[in-house]
Each structure stands twice: as C-alpha cells, then as structure tokens.
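Below is one structure; the comments refer to it alone.
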Amino acid sequence: MRGLIYKDVCLFFKGLNKRIFILVGAVMVLLVINCGTIAGLMASVMLAMTVGIQHTLTFSFEEKVEWEKYQRILPVPGHRIVAGKYAAVVATLWVSVVGSVVFNLAIFAVYRMFSLPLLGFSAVCAIAIPLVWTAVTLPACYWFDFQLAQYVSIVLIFPIFYTVKYFEEGPNEFPLNALNSSVLQYAPFAAVCIVALFVASYGISLAGYLWRTRHAVRLKKRRRAQAN
C-alpha cells in the first residue's frame, strides 16, 4: 500500500508544472489588486482547489497508460488500493497549508498588518477544500471515469467562486471579528462533517472499484468464451 501512496504522490507532483506556478503567480497579483489584505485568503482557496484538481487529474495519467489493467493483478486487496488514493490526498495537504501560510504572510508583510483569525481561516480552507473536492470527485472517477469527474468538479467551482466574489470588495468589507467567533463555534462541527464525508466517499469509491473490477473480469471471460 505504501508503494501505491508513493505512486499517487509522485503523479500529484508530476502534474504541478511551470504553467500552474505561472498561473498562480498571475492570480496572486490580481488578488492583491482587487482584494487587498484578504488576498492571502483568496490565494489559499485557489491553491486548495488546485490541490484537489491535481488528485483528480492523476486518473488521466493512469488512463493513458492503462494502469487499471495492471492494478487488477496486483497482490493487494481492493480496499487497500482505494485507500492508497485517499491516503495520498491526506499526505499532500501540507502543500496547500504551507502555501496558505506563505501567501498570507506575504500579504501581511505588504500591508504591514497581521490577523491570526484570517491566517487560521485560510489554513482551515487549505485543509477542507482538497478533502471536500476529492470526496466528491473520486467516487465519480471510480464508478465512471475521469471525464465525468471533470463535470462533477464544475458543481464545486461555482460556490467557491461565489464566495471569492462576495469578499472581492476589499478588506473593509471582510468581517474579521465575526470570522473569529464563527471559526471557533463551527470548526468542530465542520471537521466532523468533512471527515464523515471523506470516509463515506471512500466507501462509495470502494464499491465502484469492486463493481468495475468484477465487470471487467466477467467481460474478459465472455470474450474468451466467444473466442473459443
């Protein structure tokens, strides 16, 4: 299973090419211009989305090399194969968290201010968004294919971009005091919901993987019978 986790983590970083970093830099500049002191939060959201998207994109690499055929003959049970994919998501959360801290500290340095609630909320988003994103898209990948998962991602993009648009008016409109109390009040409940969603997603993905594996085996036997 450790080998599977290592494989997924390597695929994750393989997809982070120069174009993505250039895009993130350009978006960061635009956020600084439009959002002021909360640009670090907005950049954290964008990076967290990128982390979630990258884990979905790993299926495209696997489809190109027909990894699924090789995966079926591995001496590893199905629940460990699927668990490896979810463990890789958890193992790469540090990317969005570290990026969130760097973005916010950079913005704080530019505007010469520091907000612990804003930094904390950004870190929470950096953890929550990749988990929720993959919890929704990975079952689509296991039950159907990578292409359908892309369409499912669109459903997640709209509420996130609506939130970005809501806070786009600037730092004076951002309710820091309300944010501090809200995070403390709802963080435990949100954490439980996200963990429950992630675990339920694993169960759905496992069912999809087992169903597709059985279907592939039956199809292979049918073709052999027809050939004979």
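Looking only at the stretch 10-19, which residues are open to solvent by 40 Å² or more (accessible area, probe 1.4 Å) and either part of a helix (DSSP H, G or I) or modelled with pLDDT of 85 or more (or both)?
Cys10, Phe13, Lys14, Lys18, Arg19
Tell me whether the stretch 187-204 contains one or more residues that are modelled with pLDDT of 85 or more, open to solvent by less than 20 Å² (accessible area, probe 1.4 Å) and assigned to a helix (DSSP H, G or I).
Checked the stretch 187-204: at least one residue is modelled with pLDDT of 85 or more, open to solvent by less than 20 Å² (accessible area, probe 1.4 Å) and assigned to a helix (DSSP H, G or I).
Could you count how many residues in the stretch 205-228 are at pLDDT 85 or above and not small (Gly, Ala, Ser)?
4
Table: residues versus (1) open to solvent by less than 10 Å² (accessible area, probe 1.4 Å); (2) touching a helix residue (DSSP H, G or I) at 6+ places or on another chain (Cβ under 8 Å).
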{"site": "Glu68", "(1), (2)": "no, yes"}
{"site": "Val97", "(1), (2)": "no, yes"}
{"site": "Arg112", "(1), (2)": "no, no"}
{"site": "Ser122", "(1), (2)": "yes, yes"}
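Determine whether the stretch 118-138 contains at least one residue that is in a helix (DSSP H, G or I), of a type in the set (Gly, Ala, Ser) and more than 17 Å from the chain's Cα centre (by Cα).
yes
Looking at the stretch 50-79 only, could you name the residues that are free of Cβ contacts under 8 Å to residues at least 60 places away in the same chain and outside any helix (DSSP H, G or I)?
Val65, Glu66, Ile73, Leu74, Pro75, Pro77
What pairs come up if the first residue lies in the stretch 28-49 and is under 13 Å from Leu105 (Cβ atoms), the second is β-branched (Val, Ile, Thr) and at pLDDT below 75, and their beta carbons are under 6 Å apart, counting only those six or more places apart or on different chains?
Ala39/Val32
Check whether at least one residue in the stretch 2-9 is over 19 Å from the mean Cα position of the chain (by Cα) and modelled with pLDDT under 85, and report yes or no.
yes
Is it true that Val82 is part of a helix (DSSP H, G or I) and exposed (fewer than 15 other Cβ atoms within 10 Å of the Cβ)?
no
With (1) assigned to a helix (DSSP H, G or I); (2) under 15 Å from Ile38 (Cβ atoms); (3) of a type in the set (A, V, I, L, M) as the list, and Met113 as the residue in question, which single condition is left unmet?
(1)
The values are calculated or read from the model by the stated rules, or taken from the named source; none is laboratory data. Fair warning: this is a prediction, and the values are worked out from it, not measured in the lab. Don't worry about glycine lacking a Cβ; one is built from the backbone with ideal geometry, like all the others, and counts go over all protein chains shown. Heads up: the accessible areas ignore ligands, DNA and RNA and are worked out on the full protein's heavy atoms, side chains in. Shrake-Rupley method; radii C 1.70, N 1.55, O 1.52, S 1.80 Å.
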